[in-house]
Amino acid sequence: MNDTSVQPSHQVCSVRVGETLYGVPIAHVLEILGKPPTQPVPLAPGFVGGLVHYRGEVITAVSLRRLLGMEPSPAREDVLVFETPEGPFGLFVDSVGEVMQVSDADHEPNPATLESRRQALFAGAWKLKDQLLVSLEPERLEPMRLAASFAG
Amino acid sequence: MDDLTREFLLESQEGLDRMERCLTDLETRPGDTELLAEIFRSVHTIKGTTGFLGFGRLEVLSHAGENLLGLLRDGSLAVSPEIISGLLALMDSLRSILRAIEATGAEGERCSEDGEMIARLEVLQNQGSTFTQAEIPAAVAVAHSAAPRKARTPRQRSAPRNAPRPLAPRSRKVSPPPAGPEPRAAGEAGPHGGTGAVSPPLQSVRQQASLSAEEIAPVALRPTVDRTRQAPAEAPSMPSGGTADSTLRVDVELLNRMMNLVGELVLTRNQILQATSADAGFALLGRRLDMVTADLRESVMRARMQPVSHVFSRFPRLVRDLARGLDKRVQLELEGQETELDKSLLEAIRDPLTHAIRNAVDHGIESPEQRIAAGKPAEGLLRLRACHEGSHVIVEVHDDGAGMNIERIRDKAVERQLVSPARAEQMGEREILQLIFLPGFSTASAVTSVSGRGVGMDVVRTNVEKIGGKVEIDSRAGQGTVLRLRIPLTLAIIPALIVRSRGQNFAVPQSSLTELVHLSAGEADGRIERLESAALYRLRGRLLPLIFLDRLLEQPARERSRACDIAVLNADGRRFGLVVDGLADPEEIVVKPLAAVLRAIGYYAGATILGNGEMALILNPGAIAQNAGVGLTGDADENLADETRNAQQDFLLVEADGRRAALPLETVLRIERIPRSRIEWAGARPVLRFEGALLPLDDRAGQAAGDDPDAQATVVVCRDGKRQVGMSVAHVLDVAGGRQLEEAGSGAVAEGITLLQEHVTGIVSLAAIPSLDGVSGHASSEFPAEAR
């Protein structure tokens, strides 16, 4: 990631949850579903936002809000779809914004002062002109992995 | 493991399966040279392929078998039971080595066993010459005309197929005529095999494969080469070769994917049908889409089907071995082998069926002495039959043995405390038979090596119910036993009832649903009783444990005294009522798998998308019952009680004319909702045109409805003897069991009334509805039916 000489910059899709702006490498995003209908799953682990219909499959979507311990969103949320070897999964975010070009030169690792749960979820941040863009890596958000580390 | 080895394993296993079938057939038809030729080919192919793959153990063993089979084929040795046993044992050895290769990639070293096997086969070879000279040359003569021809067709197919197939999925450039070396194909194989080293064996496979064809049937070599060109032209004139040319192997994954897409199409269709139901033009298109989708779904489902012979084929061997081990004589008859079933379901019934057959041979069929003493032929008959019945496949295991000993089952069940002695006394034969499905029940007085170890029919039932099937048993003392498995055709699309709980949809598979009970807001509190923390409902006098879906799923609490529905479920023999907020229509749903994190919750069998586009979680009634601790035995008892309310009859409870009335349920054909304007008058008698015929009507609800032309009527169509009659009612209330009422003192059974839900209710006399005989003349012409 920090090897600026080889790949100085790449495209990230910016998403917003609460006040914070997050960036997800666009190459990892299979599809963006705009405010799809969702189905809650009673008794599911806390980080599961619900089920979403994606191309004939019913996929499990993780809620970033729930992961971060935030209040549920009052409005319908957008869903990013990621691919894993076990099949696709979704990520609920408040809204999906524009695609940005970010440079690895602007990337910083997680600060040591960051709370431990967020330490595990975030992959550092890019320093934008006026704010920070928190880096999210889809593999850290896979439901199975979350189930192992958070257990609800 | 490289592709080549994997392919080899697959082919060899198929070859051995075929061989096993043929061997057991051979025992009944020892003179059948075609069978011998086929067995010889199977062994020969294995031997041929193993040599250069470096599986020495397999090669030596199959060589020994080939020698023996060669003698049999040539007619210089006659088939005997010992030889068959020897060859079957050889197959087991080959199989175990194949398994070892599959697991470890190597054959393993157990040369002493191999040595014994080879020695056994050699002894068999030398002992020979028991046949009559006259018989064999005749058989050989047949062989010369028949065997090469038969030999040619399958070999033509398998020889070229064997070789290039490992490559086929990835490199499509492999040209079909396989005789010459093909460096390009070999080169392409390199990357997949890991190194280029794969290519030499690959060519060897080809050569070897075509070589073996040459050895068996020299005449056939040339056709092998230009087979592909000839095949289409040959197909019509050669029915025996036709099947192979018109079939091809398809990856199960691909079929699963297709099934998914079809499921998706079904959903889209449902949505389109719902969205366009108002528009007449669209409705037509929608119906067409509906038909095409149904056809497509059917076709794809058919593609996943396999004939039950895949499972049946192993039973001749099993029965033979069992019978020999038990000193019994059993003839196995297979029927309906071509009946097809979804591949995954076929796998699922393999074990239950095996168990049932073991049972039949072990416990069902008697020893030859006993049979003769009972006046039956010494040889027992075991019939395995498969057939279609609607959307189910029925598989029957039928033996003509001693039948079940009802008294012994009764005693055993009481002894094991599965039923109370008093209850056992009241039970009829059919009920008693059902007891064998209870866990922990086994009647084997002596534990044999075959069965009778306490795990028995309950496992069969559990396994069959797991796939949405049912098991029934029927037995007659002295005549035999029939075990009937009823298996759904497919798993991927299931009929389900959609229930609602806290505004969310859930699907309950219809297969576990037995009935529905509606409780109105007023009733909900009173009718649901509590014993400590357990909620119960009195269903026809018996207590039904209740599980509240919202509480189970920790959904927000419900307000008290709301109307609710109880879905009475029976899952794996556990019976309980699932309390939900409301019911929606039943639907055919496509089962979508859930992610592992959600599967782990345990209550969900999957998810689905409904016709209205909403999603629903599919509940797993078995898991719910188990988790909530719904017991098995007591419920089975309850089931039985349900089945045998001898003095009881089920009634459709209706309200008409402000009163409750009961219609015997077995007379009810259907319930129709029609506009009142459709009720016509023949003279003074109300009639309804129904399916092209006139239905005499008892229009009880008519008086109350008045003359509103838009009013709707609910008509219950009933069978009364040979005729059909209708009764218009205000509401259909429930289905309930009614008890006979006896007159105080005399004890005479009261006619025309019954006790339904604690109310004395009049039974509608269908015979009292006047027939149309007398009015037909007026109604048709002179007095045209007058709309009311």
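Can you find, within the stretch B:583-597, the residue that is surrounded by the fewest Cβ atoms within 10 Å (Cβ to Cβ) among those that are away from every other protein chain (no Cβ under 12 Å) and closer than 14 Å to B:Pro495 by Cα? Looking at residues that are away from every other protein chain (no Cβ under 12 Å) and closer than 14 Å to B:Pro495 by Cα, I get B:Asp585. Regarding A:His28, is this residue in contact (Cβ under 8 Å) with a residue 12 or more places away in the chain, within 7 Å of chain B (Cβ to nearest Cβ) and touching a Pro at 6+ places or on another chain (Cβ under 7 Å)? Criteria not met by A:His28. Annotation note: of B:Leu513, B:Leu489, the sole residue that is closer than 21 Å to B:Leu652 by Cα and of a type in the set (A, V, I, L, M, F, W, C) is B:Leu513.
Every residue, every condition in (1) in contact (Cβ under 8 Å) with a residue 24 or more places away in the chain; (2) more than 14 Å from chain B (Cβ to nearest Cβ); (3) acidic (Asp, Glu); (4) at positive phi, yes or no:
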site	(1), (2), (3), (4)
A:Phe82	yes, no, no, no
A:Phe89	yes, no, no, no
A:Asp104	yes, yes, yes, no
A:Ala112	no, yes, no, no
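For the stretch B:382-434, the set of residues classified as more than 30 Å from B:Arg302 (Cβ to Cβ) and exposed (fewer than 14 other Cβ atoms within 10 Å of the Cβ) consists of B:Glu407, B:Arg408, B:Glu415, B:Gln417, B:Ser420, B:Pro421, B:Ala422, B:Glu425, B:Gln426, B:Gly428, listed by residue number. None of B:Ala607, B:Ala600, B:Ala557 is within 14 Å of chain A (Cβ to nearest Cβ) and in contact with a strand residue (DSSP E or B) (Cβ under 6 Å, 6 or more places away or on another chain) except B:Ala607.
When the stretch A:37-60 is limited to residues that are assigned to a loop (DSSP other than H, G, I, E, B) and crowded, with 18+ Cβ neighbours inside 10 Å, the one that is farthest from the other protein chains (Cβ to nearest Cβ) turns out to be A:Phe47. With respect to the conditions (1) within 10 Å of chain B (Cβ to nearest Cβ); (2) in contact (Cβ under 8 Å) with a residue 60 or more places away in the chain; (3) touching a Lys or Arg at 6+ places or on another chain (Cβ under 7 Å), A:Asp94 falls short on a single one, namely (1). Every test in (1) at negative phi; (2) away from chain B (no Cβ under 14 Å); (3) surrounded by fewer than 19 Cβ atoms within 10 Å (Cβ to Cβ) is passed by A:Gly124 save one, and that test is (1). Of the numbered criteria (1) modelled with pLDDT of 80 or more; (2) loosely packed, with under 14 Cβ neighbours inside 10 Å; (3) assigned to a helix (DSSP H, G or I), the one B:Val464 fails is (2). Just to be sure, is A:Ser63 surrounded by fewer than 18 Cβ atoms within 10 Å (Cβ to Cβ) and polar (S, T, N, Q)? When the stated conditions are applied, A:Ser63 does not pass them. Is at least one residue of the stretch B:229-238 crowded, with 17+ Cβ neighbours inside 10 Å, modelled with pLDDT of 75 or more and in a helix (DSSP H, G or I)? No, that holds for no residue. Could we say that A:Arg117 is part of a helix (DSSP H, G or I) and in contact with a Leu (Cβ under 8 Å, 6 or more places away or on another chain) here? Judged against the criteria, A:Arg117 is a match. Residues in the stretch A:61-80 that are farther than 29 Å from B:Arg257 by Cα, within 14 Å of chain B (Cβ to nearest Cβ) and within 11 Å of the chain's Cα centre (by Cα): A:Leu67 only. Between B:Leu546, B:Leu619, the distinction of being more than 13 Å from every other protein chain (Cβ to nearest Cβ) and either under 23 Å from B:Glu515 (Cβ atoms) or in contact (Cβ under 8 Å) with a residue 24 or more places away in the chain (or both) belongs to B:Leu546 only.
The values are calculated or read from the model by the stated rules, or taken from the named source; none is laboratory data. On a predicted model such as this, the values are computed, not experimentally measured, just so you know. Cβ: placed from backbone, ideal geometry, glycine included. Neighbour counts: every protein chain shown.
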